[in-house]
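First up is the structure itself, then whatever we jot down about it.
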Amino acid sequence: MNHTLILPILLPLLTGAGQLLFYRAPFALQRLLGFASTAWLVLLGIWAITTAGAGDYLVYQAGNWPAPFGIVLILDRLAALMLSLTAVLGLCCLLYASGGIDRRGAHFHALFQFQLAGLNGAFLTGDLFNLFVFFEILLIASYALLLHGGGRARSRAGLHYVIINLAGSALFLIALGTLYGLAGTLNMADLALRIAAAPAEDAPLLAAASLILLVVFGIKAAILPLLFWLPRAYSAASAPVAALFAIMTKVGIYAILRVFLLVFALGETPVNAVAWSWLWPLALLTLALGGIGVLGSDSLRTLTAYLVILSVGTLLATISLVTPAALGAALFYLIHSTLMAATFFLLADLLGRQREEGYDRFSAVGPIGHRGVLGSLFFIAGIAMAGLPPFSGFVSKVWILQASADEPGGLWLWGVLLASALLVIIAISRTGSNWFWRPGETATPYPLRRGLLTLVCSMVGLNALLAMLGDPVMDYLSLTAEQLLAPHGYIAAVLPEAPASSQEVIP
Amino acid sequence: MELLYAITLGILTTCGVYLLLRARTFTVILGLTLLSHAVNLYLFASGRLVTGAPAIVGLAAHSADPLPQALVLTAIVIGFAMTAFVVVLALKAAVELRNDHVDGENPDEDRA
């Protein structure tokens with residue numbers, strides 16, 4: 001059996017454990033270990049994309065126990081995409097953190113590795129209870145990372161974040177207990193088959209379980225009634241941590257895609273229809289709230305946190321159309337929005353350090369150091385964030401608009417999406433003109449870290465590169481969407497002995 | 001037995017949710033603990049309630065489903081660790097913010 005598939009989980013887990021055990025070792029060594037592990041993860045991500053890109057499912061049976069009795073890890077196109085996105089993002093955040101932020105608290109590097117292990121595990125696992133376990137791993141690492149650096153604002157935001165996620169975990173277990181009680185399995189592929197064959201009297205309970213799961217993933221992804229923890233938590237976290245958290249809401253979206261397009265998608269009357277009908281209006285409201293929040297934010301980090309909410313709304317509204325084109329477009333937007341949100345959190349820190357007072361607050365007015373360089377960077381990053389050409393945000397938004405044009409209710413998405421984009425442009429240009437377009441230069445500007453500046457520039461460059469590579473990326477994502485909408489291939493890969501059924505999926 | 005079990009679950013969940021919605025961190029943590037007890041019992045019951053049946057196939061005519069027991073064990077361990085973490089976090093917040101309100105400030109006292 002090929003053991004490469006478990007490496008994205010094992011490697012950061014072992015590295016993190018080693019960093020904890022030898023915490024007395026020189027700090028440079030800990031940093032180096034973290035870099036080595038994360039760089040390997042990037043290579044593994046490339047391996048995953050090329051392997052899964054061929055269209056096959058790679059299945060790893062832990063302990064060689066066959067599914068559904070053992071836990072399986074499965075690599076398909078979506079999982080490969082998420083793995084590589086996490087690895088690239090992780091590497092950027094780690095590079096930025098090693099500019100000095102990682103020294104502000106204990107065990108930053110070990111926690112960072114545990115976070116990556118939890119994320120990778122959540123993307124790879126094919127078992128619903130295992131998904132819960134990996135959620136807990138990534139959450140406990142994120143609790144500690146959120147508090148990294150200390151301070152009152154972090155303690156306050158951390159408390160909310162931890163409590164709402166613990167309540168979410170309780171709900172997750174309730175949903176799992178219900179599903180196990182009804183179907184007698186927690187392997188996702190097996191569960192899909194059993195739910196499809198479930199008797200009609202179980203349908204209400206199954207719908208209830210699916211909606212509880214939707215609430216759980218909604219807390220992670222920050223859908224409208226469940227998002228109020230996010231702006232405070234994200235804006236309180238230190239810059240590289242907040243940038244890494246840009247992928248955390250995407251874990252919720254990944255889980256929604258995985259569970260509702262696989263586990264609840266089969267059968268004559270699929271259970272997921274209820275979920276989509278709830279998701280569509282809620283996602284549109286989330287999108288609208290994100291736009292308003294962006295305009296009403298009081299600091300650049302809060303603004304970025306609302307940009308994350310806006311991207312979640314866009315993604316879920318597009319996903320709940322459930323067509324191949326819409327899913328592909330949503331995945332493109334997912335890559336773009338994750339990278340850009342992370343870039344903006346780092347940029348907020350870079351700019352905040354150059355201001356004489358107020359860090360990144362809009363209420364403070366004052367000159368900013370290195371106005372020319374940082375102003376141009378902010379201008380370009382703002383264009384990329386708002387989804388204007390020539391960046392990948394533009395490509396993904398055009399694709400989303402095209403995909404939703406012919407759908408019933410697609411015009412709602414057009415209206416809300418374009419209106420929020422306008423609000424984003426207004427908010428960003430207001431920030432830019434307030435900060436950079438004023439007379440007076442700081443007498444003694446703070447030293448600008450070249451390395452950090454280059455890093456943020458190259459992240460914006462990565463976004464432009466994504467737009468230039470639009471064609472192959474779109475091909476890959478279209479195939480990913482098709483694979484997602486054909487769960488029988490997934491089930492056949494996990495359970496080779498299961499009776500093959502030829503029924504089509506009704507989204 | 002099922003009735004007793006269900007009533008216990010209901011009482012635990014009700015108390016848990018009520019305490020969870022309180023404004024002080026200590027009661028919120030108690031609420032989370034009660035809720036996680038209720039959830040563990042619920043998970044355990046998802047394998048059906050049987051008495052006098054071992055969780056190993058072949059030892060007796062009837063055997064209990066071992067998987068929920070394993071799930072509950074995992075859930076207990078995770079819940080225990082999370083409770084420990086949130087207790088420490090609440091203490092840290094109480095010391096730093098000088099009050100134990102979940103929002104970090106008491107809306108009635110601070111504005112007076």
Residue in region A:467-484 that is within 24 Å of A:Y306 (Cα to Cα) and surrounded by 13 or more Cβ atoms within 10 Å (Cβ to Cβ) present: yes
Pairs where the first residue, in region B:82-108, is without any contact (Cβ under 8 Å) to a residue 60 or more places away in the chain and within 8 Å of chain A (Cβ to nearest Cβ) and the second is of a type in the set (F, W, Y) and surrounded by fewer than 14 Cβ atoms within 10 Å (Cβ to Cβ), C-beta under 6 Å, 6+ apart: none
Complete set of residues in region A:116-134 that are touching a Ser or Thr at 6+ places or on another chain (Cβ under 7 Å) and within 12 Å of chain B (Cβ to nearest Cβ): A:V133, A:F134
Residue selected from region B:39-53 under the condition more than 8 Å from chain A (Cβ to nearest Cβ) and aliphatic (A, V, I, L, M), by the criterion farthest from B:T8 (Cα to Cα): B:A53
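Tally up the residues in region A:179-188 that are at the interface with chain B (Cβ under 7 Å from one of its Cβ atoms) and either more than 22 Å from A:L73 (Cβ to Cβ) or among the charged types (D, E, K, R) (or both), please. Write out each step before concluding.
From region A:179-188, those at the interface with chain B (Cβ under 7 Å from one of its Cβ atoms) are A:180-181; that's our starting set.
Adding the requirement that they be either more than 22 Å from A:L73 (Cβ to Cβ) or among the charged types (D, E, K, R) (or both) leaves A:181.
Looking only at that region, the number is 1.
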Residues satisfying the stated conditions in region A:54-84, i.e. out of contact with any helix residue (DSSP H, G or I) (no Cβ under 6 Å at 6 or more places or on another chain) and either under 24 Å from A:M340 (Cβ atoms) or polar (S, T, N, Q) (or both): A:Q61, A:N64, A:L81
Condition met for A:L111 (hydrophobic (A, V, I, L, M, F, W, C), in contact (Cβ under 8 Å) with a residue 24 or more places away in the chain and under 19 Å from A:T4 (Cα atoms)): no
Selection status of A:L147, crowded, with 24+ Cβ neighbours inside 10 Å and under 18 Å from B:I29 (Cβ atoms): yes
Search result, residues across region B:90-105 that are of a type in the set (A, V, I, L, M) and surrounded by fewer than 15 Cβ atoms within 10 Å (Cβ to Cβ): B:L91, B:V95
Some residue of region A:203-218 being aliphatic (A, V, I, L, M), at the interface with chain B (Cβ under 9 Å from one of its Cβ atoms), surrounded by fewer than 22 Cβ atoms within 10 Å (Cβ to Cβ) and over 27 Å from B:V87 (Cβ atoms): no
Qualifying position, being closer than 16 Å to A:I140 by Cα, among the small types (G, A, S) and in a helix (DSSP H, G or I), among A:A189, A:A203, A:A208, A:A157: A:A157
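Hey, could you check region A:58-91 for residues that are in a loop (DSSP other than H, G, I, E, B) and at pLDDT below 90 and say which is surrounded by the fewest Cβ atoms within 10 Å (Cβ to Cβ)?
Within region A:58-91, the subset in a loop (DSSP other than H, G, I, E, B) is A:65-71, A:76.
Filter once more, so that each one left must be at pLDDT below 90: A:65-70.
Numbers: A:W65: 11, A:P66: 13, A:A67: 25, A:P68: 22, A:F69: 13, A:G70: 13.
It comes out as A:W65.
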Failed item, numbered, when B:T13 is tested on (1) surrounded by fewer than 16 Cβ atoms within 10 Å (Cβ to Cβ); (2) facing another protein chain (nearest Cβ under 10 Å); (3) within 30 Å of B:D100 (Cβ to Cβ): (1)
Qualifying position, being part of a loop (DSSP other than H, G, I, E, B) and within 30 Å of A:A325 (Cα to Cα), among A:L339, A:L401, A:L388: A:L388
Single unsatisfied condition, B:N40 versus (1) within 20 Å of B:L21 (Cα to Cα); (2) at pLDDT 85 or above; (3) crowded, with 17+ Cβ neighbours inside 10 Å; (4) not hydrophobic (A, V, I, L, M, F, W, C): (1)
Cβ-Cβ under 9 Å pairs, at least 6 apart or on other chains, region A:468-489 side closer than 15 Å to A:I400 by Cβ, far side among the β-branched types (V, I, T): A:G470/A:V395; A:V473/A:I335; A:V473/A:V395; A:M474/A:V395; A:L477/A:I335; A:A481/A:T323
Number of the exception - A:A170 against (1) farther than 30 Å from A:L295 by Cα; (2) touching a residue at least 24 places away in the same chain (Cβ under 8 Å); (3) within 14 Å of chain B (Cβ to nearest Cβ); (4) in a helix (DSSP H, G or I): (2)
Residue within region A:30-45 that is touching a residue at least 24 places away in the same chain (Cβ under 8 Å), closer than 24 Å to A:M474 by Cβ and among the basic types (K, R) present: no
Exclusive hit being modelled with pLDDT under 95, crowded, with 24+ Cβ neighbours inside 10 Å, of a type in the set (A, V, I, L, M, F, W, C) and more than 21 Å from A:F123 (Cβ to Cβ), set A:L347, A:L295, A:L261: A:L347
Which numbered condition A:K250 fails, given (1) charged (D, E, K, R); (2) within 12 Å of chain B (Cβ to nearest Cβ); (3) surrounded by 23 or more Cβ atoms within 10 Å (Cβ to Cβ): (2)
Matching residues in region B:60-81 - criterion: being among the hydroxyl-bearing types (S, T, Y) and either at the interface with chain A (Cβ under 7 Å from one of its Cβ atoms) or in contact (Cβ under 8 Å) with a residue 24 or more places away in the chain (or both): B:T74
Number of the exception - A:S235 against (1) buried (at least 21 other Cβ atoms within 10 Å of the Cβ); (2) within 14 Å of another protein chain (Cβ to nearest Cβ): (2)
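Quickly run through region A:135-152 and pick out the residues that are within 12 Å of chain B (Cβ to nearest Cβ), at negative phi and not in a helix (DSSP H, G or I).
A:L147, the sole residue that qualifies.
Across region B:23-32, which residue is nearest to B:P68 (Cα to Cα) among those that are in contact (Cβ under 8 Å) with a residue 24 or more places away in the chain and more than 10 Å from chain A (Cβ to nearest Cβ)? Spell out the reasoning first.
Filtering region B:23-32 for residues in contact (Cβ under 8 Å) with a residue 24 or more places away in the chain gives B:23-26, B:28-29, B:32.
The next check asks that each one be more than 10 Å from chain A (Cβ to nearest Cβ); those that pass are B:23-24, B:26.
On the way: B:A23: 34, B:R24: 34, B:F26: 30 Å.
So the residue we want is B:F26.
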Checking A:L159 against (1) more than 7 Å from chain B (Cβ to nearest Cβ); (2) more than 19 Å from the chain's Cα centre (by Cα); (3) buried (at least 24 other Cβ atoms within 10 Å of the Cβ), the condition it does not meet: (1)
Conditions (1) surrounded by fewer than 24 Cβ atoms within 10 Å (Cβ to Cβ); (2) more than 9 Å from chain B (Cβ to nearest Cβ); number of the one not met by A:L191: (1)
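The values are calculated or read from the model by the stated rules, or taken from the named source; none is laboratory data. Please read all numbers here as calculations on a predicted model, not as lab measurements. In this analysis, Cβ positions are derived from the backbone assuming ideal geometry, glycine residues included, and neighbour counts consider all displayed protein chains.
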